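One structure is given below, encoded as structure tokens.
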Amino acid sequence: AAPVQVQLVVPIAVVFGPGSVPADLPRPLPFRDVQEMEISVNLRTSVTSRYEMLYRSTTAQEEAALAAATAREADSALHPLQDATLGSLTMYVVPETSSLLPQGINVYVGKHRSALVRAGRSLAALQAHVRQVTQVMSFTATSIAAALSDRVPDGQLSPDARRYLKSSLGYEITFSLLNPDPKSHTVDWDIEGAVNRYVRPVLDKLSLVANFSVDSQILYYAVLGVTPRYDKESSSFLLSAHSLPHVINPVEARLGSSAASLYPVLNFLLYVPERSHSPLYIQDKDGAPVSTNAFHSPRWGGIMVYNVEAPASPQASLPLHVDVDMARVMEVFLAQLRLLFGLSREELPPEFLLESPGNEGLADWELDHLLWAHTVENIATVSTTLTSLAQLLDKIGNIVIKDDVASEVYRAVASVQSAVAKLAMGHLHSAFQASKEAVTSSEKAFFDPSLLHLLYFPDDQKFAIYIPLFLPMAVPILLSLAKIVRETRQRKKDPTKMD
């Protein structure tokens, strides 16, 4: 793959509240400072992160907002006052004695693009905190390596890195209710209401990243394809962790083809076990029951088992009517959706407190986290696609490249250059948009129909097609030619001989 050189610039404002300025500042406020860090991917890919810090004092409005009673109130009061540019961060430094942060908490990460940091005794201590917060709120070496997972040697990647969905222009989400035993259970789920209430706010926020389409279906007589084990002690049925991978293939055969889809499909399945296998519980690797009774499969989706309570009297008439508790189900599916996008909250130091994103499903800085990773991944993808295209065109000597293919290639190159330049200026949103345009153009060029048929007719294939047609005709012609040549030579040798 072609070399990729990217500089990721994060503009950071470090804002000192009254009584929080460390004594050892190198010069009076405001002043600027830059910190650079190399993220090692491989020899052909260099990624540098550059943190451009502006140290300043609070304005009167910010000071008033920081006088709020709780960190959460301060966060929402500060939100309209800060730089709302995607990818930028604001750290508000509060005095060591501040009651805004609970006891033992030194860093509070809000749900927008700012954090509250307790002042350290020195600038160096504060900078160490700021660096940690920046890693949480923008990107880490791990998240960039995961985005470039195709270029990273296998041994260097954490197992999670290949779990995340690849960057795409769109995703299709399918919610399926599996009822293998409709004779025993009539299952009702208000999927439309649940999608509008729980899933829409998350997808509206993610609409910056990609287009999403959502659909749902109910499948009857669809079984898991793995027979659960009966456990006498708990008089229930168990699915062990090692049998979970075998559940997906038989179910997927019933889900409807995702082959027809242009975009990656995420499947979320709610499985109501048949009466003969109820209740059904999922066990983890250690044999303990999984609290959510659900599991997820990287880059594919998730499955949740929804047990129906047995009727109070054995004479109860079948089928039983079941109303699914959608709040409980959607909580699990949204957690799985976050996992698939690589938004799971990483293990943080105990002095960090992260605000819950609420019903939007993800904080503003988590959206930025996705955009950083996807922009870098898109740039790498385009460089790989264009390199492959160039190698391909080199191999096919008689190829004709149409003007529209050439213009898509030029557009892809220009868009990639623009994305790299915008990243180096700290403009995350426009860099992401340019990287998306580059992906679209490079794929249009690569999969152009005028190039496609030439791929399937290399020269040796042409010989293979035409030799069987021409050889039978060529044999008598060649023999006749040989005979004529022989006769001509004979005549030249003895011209005096007469018939």
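Matching residues to (1) open to solvent by 30 Å² or more (accessible area, probe 1.4 Å); (2) free of Cβ contacts under 8 Å to residues at least 12 places away in the same chain; (3) under 30 Å from Thr70 (Cα atoms):
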{"residue": "Val324", "(1), (2), (3)": "no, no, no"}
{"residue": "Val329", "(1), (2), (3)": "no, no, no"}
{"residue": "Phe341", "(1), (2), (3)": "no, no, no"}
{"residue": "Phe352", "(1), (2), (3)": "no, no, yes"}
{"residue": "Asp394", "(1), (2), (3)": "yes, yes, no"}
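Being open to solvent by less than 50 Å² (accessible area, probe 1.4 Å) and touching an Asp or Glu at 6+ places or on another chain (Cβ under 9 Å) is the filter here, so list the residues in the range 241-263 that pass it.
Those that are open to solvent by less than 50 Å² (accessible area, probe 1.4 Å) and touching an Asp or Glu at 6+ places or on another chain (Cβ under 9 Å): Ala241, Ser261.
Being part of a loop (DSSP other than H, G, I, E, B), at pLDDT 85 or above and under 17 Å from the mean Cα position of the chain (by Cα) is the requirement here; does Phe139 meet it?
yes
What are the residues in the range 286-309 that are in a loop (DSSP other than H, G, I, E, B), more than 19 Å from the chain's Cα centre (by Cα), surrounded by 12 or more Cβ atoms within 10 Å (Cβ to Cβ) and among the hydrophobic types (A, V, I, L, M, F, W, C), if any?
Within the range 286-309, Val290, Val308 meet the criteria.
Looking at (1) open to solvent by 100 Å² or more (accessible area, probe 1.4 Å); (2) at pLDDT 90 or above, which is the only condition Tyr456 fails?
Going through (1) open to solvent by 100 Å² or more (accessible area, probe 1.4 Å); (2) at pLDDT 90 or above one by one, Tyr456 breaks only (2).
Quick check: is even one residue across the range 184-191 more than 30 Å from Ala288 (Cα to Cα) and crowded, with 19+ Cβ neighbours inside 10 Å?
yes
Which one of these is surrounded by 14 or more Cβ atoms within 10 Å (Cβ to Cβ) and either of a type in the set (Gly, Ala, Ser) or closer than 25 Å to Ser143 by Cα (or both): Thr45, Thr58?
Thr45 is the lone residue from the list that is surrounded by 14 or more Cβ atoms within 10 Å (Cβ to Cβ) and either of a type in the set (Gly, Ala, Ser) or closer than 25 Å to Ser143 by Cα (or both).
Taking Arg200 and the conditions (1) in a strand (DSSP E or B); (2) within 30 Å of Ala363 (Cα to Cα); (3) free of Cβ contacts under 8 Å to residues at least 40 places away in the same chain, which numbered condition does it fall short on, given that it satisfies the others?
(1)
Does the range 145-183 hold any residues that are modelled with pLDDT of 85 or more, among the hydrophobic types (A, V, I, L, M, F, W, C) and either open to solvent by 30 Å² or more (accessible area, probe 1.4 Å) or closer than 14 Å to Ser40 by Cα (or both), and which are they?
The one that is modelled with pLDDT of 85 or more, among the hydrophobic types (A, V, I, L, M, F, W, C) and either open to solvent by 30 Å² or more (accessible area, probe 1.4 Å) or closer than 14 Å to Ser40 by Cα (or both): Leu169.
For the range 214-231, which residues satisfy the criterion of being part of a strand (DSSP E or B), within 26 Å of Pro264 (Cβ to Cβ) and over 29 Å from the mean Cα position of the chain (by Cα)?
Within the range 214-231, none qualify.
Does Asn267 qualify as being within 21 Å of Leu219 (Cα to Cα), open to solvent by 30 Å² or more (accessible area, probe 1.4 Å) and in the same structural domain as Asn196 (by the TED database)?
Against the criterion (within 21 Å of Leu219 (Cα to Cα), open to solvent by 30 Å² or more (accessible area, probe 1.4 Å) and in the same structural domain as Asn196 (by the TED database)), Asn267 does not qualify.
The values are calculated or read from the model by the stated rules, or taken from the named source; none is laboratory data. Bear in mind that the values here come from a model prediction, so they are computed numbers and not experimental data. Every residue, glycine as well, gets a Cβ built from its backbone with ideal geometry; the counts of neighbours run over all protein chains shown. Protein only, heavy atoms only, side chains kept; ligands, DNA and RNA dropped before computing areas. Shrake-Rupley method; radii C 1.70, N 1.55, O 1.52, S 1.80 Å.
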